[in-house]
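Written out below as structure tokens is the structure these notes cover.
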Amino acid sequence: MDTGKRRLLVIFIDILLIGIGLLVYALFHHVMPREGTPIATPFPTSPTAYSFPNETEASNPLATPTSMGWSYEGFSTATISDRYSYTSKNISIKLKRHEKNGVVYFVQDIHIRNIESLKTAFAKDKYGIGFKDTAFNIAEKHNAIAAITGDYYGARDIGVVIRNGTLYRDARFRDVCVLYRNGEMKTFSKNEIDAYKELQNGAYQAWSFGPALLDNSGKPKTAFDSDVKPKNPRAAIGYYEPGHYCFVVVDGRGENDSKGMTLMELSQLMYELGCKVAYNLDGGMSAQMYFNGEIVNSPAKGGREISDIIYICENP
């Protein structure tokens, strides 16, 4: 074999080995599940079709809430549940479907007596990269009454992750939303967040997908730290006051002929709902809402498996 052919063969083998190496890395890093461990735990641990009445909204779907706090008058002594509401001595949830300007969206207006009724869950009950399941399966396994897709933390190895009072990951990504044990919710830019400090301040949950949808005064935003700004299916969590929250899902990509929302439109919606703080969660095919044993929206292309949910349950 002459020198030229030998050189080409060596180059070909080098390229082949590099390609194999990259394939193995991608398989390990992005496909094969890898279980992780908590960083800090400062607190002790103790699908079917869904039909709605026709409803077209021409104004604010929810009135700006009054101050009710943790002693909301809508709780009941007995548990009462149907396809559009759930009330008990600890929880009140009202579900509504809205259609406005060619967009279909769903709102769960949520009151809880105790922060322990708002929890998060991992797919397969494992923290790490590559663990996925349907929102329906995760919700059913944890006896959820209501649930929404989380931040799909498992799609990346950066972003702050605090779940049910446990810090799993402290790596800045983009805007972070923190829910505290006193019921308050705040959003931080990636340059503001200090996960350990917020854990000491009582952080109970922290999500890293974003962006934050309202400014520090609770007003709509026009600039966002996100690459996904055009119309899309969306999921969001909103905060009114301690004990009062909302889950919102917007259908899009042709589902129910709904157009989806831009981030600016979602920001405006959360403001109109009366939220003081609002945060964008994983959307697209992930955007799913669960209530009383069913997925109530129409996920794009039938939805996809995700790594985590936010859910409401009776506190044991």
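Any read-out appearing in this document is the output of simple, stated calculations on the displayed coordinates, not a laboratory observation. Since the model is a prediction, treat every value here as computed from it, not as a measurement. Counting neighbours? That spans all protein chains shown, and the Cβs are built from the backbone with ideal geometry, glycine included.
Taking neighbour counts of Cβ atoms within 10 Å as a proxy for exposure, in what order, fewest first, do PHE131, PHE75 appear?
Final ranking by Cβ density, sparse to dense: PHE75, PHE131.
Using the Kirkwood radius built from alpha carbon pairs, what does the Stokes-Einstein equation give as D for region 36-312 at 25 °C and 0.890 mPa s, in µm² per second?
133 µm²/s
With each pseudo-label sitting 7 Å past Cα toward Cβ, what's the LYS141-LYS219 distance in nm, one decimal?
Using points 7 Å along Cα→Cβ, the separation is 4.4 nm.
Given the peptides 238-245, 199-206, arrange them by the average over their residues of other C-beta atoms within 10 Å, most packed first.
Order by mean packing, descending: 238-245, 199-206.
Return, ordered by residue number, the residues of region 161-186 whose backbone nitrogen is under 16 Å from a label point located 7 Å along Cα→Cβ of THR37.
Answer for region 161-186: 167-170.
Please give the contour-minus-distance gain from ASP194 to ALA171: 0.36 nm per residue of separation, less the Cα-Cα distance, rounded to one decimal in nm.
7.3 nm
I'd like the projected area of region 215-316, averaged over all directions, using the convex hull of its alpha carbons. Report it in nm² with one decimal.
Working: hull surface 30.2 nm².
Answer in nm², one decimal: 7.6.
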